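K.L.:
Take this structure, written in structure tokens, and hold onto it; I'll ask about it next.
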Amino acid sequence: MKKFTTALAIIICIALALAGCGGGGAAPTTQAAETTAAAAAAETTTTAAPTTQTAAATTTTAATQAASTSAARDAATAGTFATTVATTEAAPVEAADVENFNVTGFPIVNEPITLTIMGQKNDVAGPWDSLRFFVYMEELTNIKFDYQEVNNSVWTERKNLAFASGTYTDVIFGGAVNHAEQVMYGVEDGILLPLNDYIDKYAPNFQTALQARPETIGMITAYDGNIYAFPQVASSPVSVPEHYYNLNWFYALGLDPVNDIPETLDEFYDLMVRFKNEDPNQNGLQDEIPYCIRIGSALDNPPGASVNNLILPAYGIPNSRQYVDDNGEIQIGYFHENYALYVDYVKRLMDEEIIDPEIYVMDDMTMNGKCKTNLAGFVNGHIYSRFDVPDPEVAALYPKAIPFKSEYLGGGQALRAGGNAISVGTLVFTDKCQYPEAMTRWADYIYSEEGSLRIHYGEEGDLWERAENGMMRYIIPSNGMTVDEYRAAEVTPDGGTTVPKFIRPATEGDWDDPFQQARVEYWWSTLFPIGKVPFPTMFYTSEENSRKTALEADIFRFFNEKEAAYFTGREDFRADRDNLINTFKTMGGDELLEIYKGAYERYTQIMNQ
């Protein structure tokens, strides 16, 4: 695909001037609705920013908060709107019906056309043919669909069966077509259409998204140089984990929720000891759980997942598993010279029962119960899920974790990001699609400001409205549904399904809600500038992916077990370090590193062209 030239220059100018639109957190009128709306608002997993001890004193005007958020956001993203697309030349594309197809404007086709579309949805989602988003899109574009919706619990199986049997549809929407599937069905089998030339000719809004997030190119371009799927793209540079302190415990101990937030590992430990020993929940019992976290069982969720986000980076280790160092070399965090110090710190928290002793056995519902009954002092996760928070103004006051300053970082800070805030494989065209030009324009509308907002939260006046200050706020459904339920059942497929769109800053920031405003300001001013994804999401060949999957299954399970053993004191890391390294090699670790290295070299070549 030829590089975007004159059109690209225009796109860059547009992108630099972009103000954005979208949906984020809001302030419903009832406590249940507040919790639901705020949870639905969170497009990125993040934290909030308190300012003082009373809601009245801390809540600035929405306009002032929006301005500070915008300023922090602009500073964080300055200089990012430039990239090129590295691809091989694809075959020229021509409109299937030139007379019926409009290159610009609406409708996209003069006479209606009908395509088949397949995708996944959850149990609460309404039928796609009745969702307001799809109804509007048909009216706007003259493109109709025959829908095949599949419950997300069986989606992967049904998707694979459709490809294997040849019963796949023209378009797969919200289908989570991952890198391995794009290689198998795109690079190798030719079922998925290369999108390069269609994007170049018919997708200016999507090109704008690429300029805002240039790293997207490396994540969506296969090793043959072709793009096979449209992604979901957020303007935020990364997704970052939320960690909250219990506001009530701060007050009980006479702490200021702004000035007394721990800034170092030592200060964090000292506060956790106070949480444990000074009865901050004021019930006369020593039942406090200073650090309440739980661990999942998945291979990609190691035992130290929570502490690995916040504590591990303070020792200069980006990730316990694989990461790319400052020299572009792939390393293993377990073998870092400071890993023993990290184990010492976490083991101390475990030994003194500062970390919840049930970390490995409790489920999320149990954890939420502990938090909501005022037993937990420091937690990861969304505040409305964890604490019994009455309203957004109070939620905005909860102290948020500051990434720790550390001598191992030269006095600086580090934070492991949860991801790139980019989701691949949200929309693909198959070789059955006779109208790829029209479908590219259909998709491109969703990446526009208007289209992204519409698929995100629907039409103004339905689920949301403009407040007096010009910001957005929810309209609480009158039919007894929560905001989440109504959004998924009536408005958009973007309720439980990852869909193509470009989430602009205003999608999360321009909401008349003090909690969401505080969160967004904190993301952009404090977390995003230092949040780093340790290892990029990359394409592998089928052979590489098959071998990588097998090696990771054994090696990551081994690492999970070892890390848990070190934290709980069942094994001593220093005594076991050589065995850990030797076993890694015996299990094929060097081969795994070579696979990573080959994919990373291709990734960097794409990013550098």
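K.L.:
Out of the residues in the range 402-420 that are small (Gly, Ala, Ser) and in contact with a Lys or Arg (Cβ under 8 Å, 6 or more places away or on another chain), which is least open to solvent (accessible area, probe 1.4 Å)?
P.N.:
Selected residue: 417.
K.L.:
Mind checking which residues of the range 244-266 are farther than 15 Å from residue 314 by Cβ, in contact (Cβ under 8 Å) with a residue 40 or more places away in the chain and assigned to a helix (DSSP H, G or I)?
P.N.:
Matches in the range 244-266: 247, 248, 249, 250, 251.
K.L.:
Return the residues of the range 375-395 that are more than 25 Å from residue 354 (Cβ to Cβ), open to solvent by less than 40 Å² (accessible area, probe 1.4 Å) and charged (D, E, K, R); say none if nothing qualifies.
P.N.:
none
K.L.:
Of the numbered conditions (1) open to solvent by 20 Å² or more (accessible area, probe 1.4 Å); (2) over 30 Å from residue 238 (Cα atoms); (3) assigned to a loop (DSSP other than H, G, I, E, B), residue 276 fails exactly one; give the number of that condition.
P.N.:
Of everything listed in (1) open to solvent by 20 Å² or more (accessible area, probe 1.4 Å); (2) over 30 Å from residue 238 (Cα atoms); (3) assigned to a loop (DSSP other than H, G, I, E, B), residue 276 misses just condition (3).
K.L.:
Continuing with the same structure: Restricting attention to the range 152-204, report how many residues are β-branched (Val, Ile, Thr) and assigned to a helix (DSSP H, G or I).
P.N.:
The qualifying residues number 4.
K.L.:
Okay, moving on. Can you confirm whether residue 230 is more than 30 Å from residue 545 (Cα to Cα) and in contact with a Phe, Trp or Tyr (Cβ under 9 Å, 6 or more places away or on another chain)?
P.N.:
Spelling it out, it is not the case that residue 230 is more than 30 Å from residue 545 (Cα to Cα) and in contact with a Phe, Trp or Tyr (Cβ under 9 Å, 6 or more places away or on another chain).
K.L.:
Now a separate question. It is to be established whether one or more residues within the range 508-522 are touching a residue at least 24 places away in the same chain (Cβ under 8 Å), among the β-branched types (Val, Ile, Thr), open to solvent by 10 Å² or more (accessible area, probe 1.4 Å) and under 25 Å from residue 312 (Cα atoms).
P.N.:
No, the conditions are met nowhere in the range 508-522.
K.L.:
Tell me, which residue of the range 552-603 that is among the basic types (Lys, Arg) and touching a residue at least 60 places away in the same chain (Cβ under 8 Å) is farthest from residue 321 (Cα to Cα)?
P.N.:
Across the range 552-603, the extreme among qualifying residues is 602.
Here's the yes/no breakdown for (1) more than 27 Å from residue 173 (Cβ to Cβ); (2) polar (S, T, N, Q); (3) more than 26 Å from the chain's Cα centre (by Cα):
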{"position": "381", "(1), (2), (3)": "yes, no, no"}
{"position": "408", "(1), (2), (3)": "yes, no, yes"}
{"position": "428", "(1), (2), (3)": "no, no, no"}
{"position": "432", "(1), (2), (3)": "no, no, yes"}
{"position": "444", "(1), (2), (3)": "no, no, no"}
{"position": "448", "(1), (2), (3)": "no, yes, no"}
{"position": "454", "(1), (2), (3)": "no, no, no"}
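K.L.:
Can you tell me how many residues in the range 569-598 are open to solvent by less than 60 Å² (accessible area, probe 1.4 Å) and not in a loop (DSSP other than H, G, I, E, B)?
P.N.:
Summing the residues that are open to solvent by less than 60 Å² (accessible area, probe 1.4 Å) and not in a loop (DSSP other than H, G, I, E, B) in the range 569-598 gives 12.
K.L.:
Oh, and also: Looking only at the range 451-461, decide whether some residue is over 30 Å from residue 374 (Cβ atoms), without any contact (Cβ under 8 Å) to a residue 12 or more places away in the chain and surrounded by fewer than 21 Cβ atoms within 10 Å (Cβ to Cβ).
P.N.:
Within the range 451-461 (the criterion being over 30 Å from residue 374 (Cβ atoms), without any contact (Cβ under 8 Å) to a residue 12 or more places away in the chain and surrounded by fewer than 21 Cβ atoms within 10 Å (Cβ to Cβ)), the answer is yes, since at least one residue qualifies.
K.L.:
Can I ask one more? Kindly provide the set of residues from the range 117-147 that are open to solvent by 40 Å² or more (accessible area, probe 1.4 Å) and either small (Gly, Ala, Ser) or modelled with pLDDT of 95 or more (or both), ordered by number.
P.N.:
127, 129, 130, 132, 135, 136, 138, 139, 144, 146, 147
K.L.:
Please enumerate the residues belonging to the range 250-286 that are β-branched (Val, Ile, Thr) and more than 18 Å from residue 398 (Cβ to Cβ).
P.N.:
Residues satisfying the conditions are 264, 273.
K.L.:
Still on this model: Is it the case that residue 466 is of a type in the set (Lys, Arg) and without any contact (Cβ under 8 Å) to a residue 12 or more places away in the chain?
P.N.:
The answer is yes for residue 466.
K.L.:
Give 269, 245 a once-over and let me know the one that is open to solvent by less than 20 Å² (accessible area, probe 1.4 Å) and in contact with a Pro (Cβ under 9 Å, 6 or more places away or on another chain).
P.N.:
Exactly one of 269, 245 is open to solvent by less than 20 Å² (accessible area, probe 1.4 Å) and in contact with a Pro (Cβ under 9 Å, 6 or more places away or on another chain), namely 245.
The values are calculated or read from the model by the stated rules, or taken from the named source; none is laboratory data. Everything quoted here is computed from the prediction, not taken from an experiment. All Cβ positions, glycine included, derive from the backbone under ideal geometry; neighbour counts span all protein chains shown. Quick note on the areas: whole protein, heavy atoms, side chains included, nothing else; ligands and nucleic acids left out. Shrake-Rupley method; radii C 1.70, N 1.55, O 1.52, S 1.80 Å.
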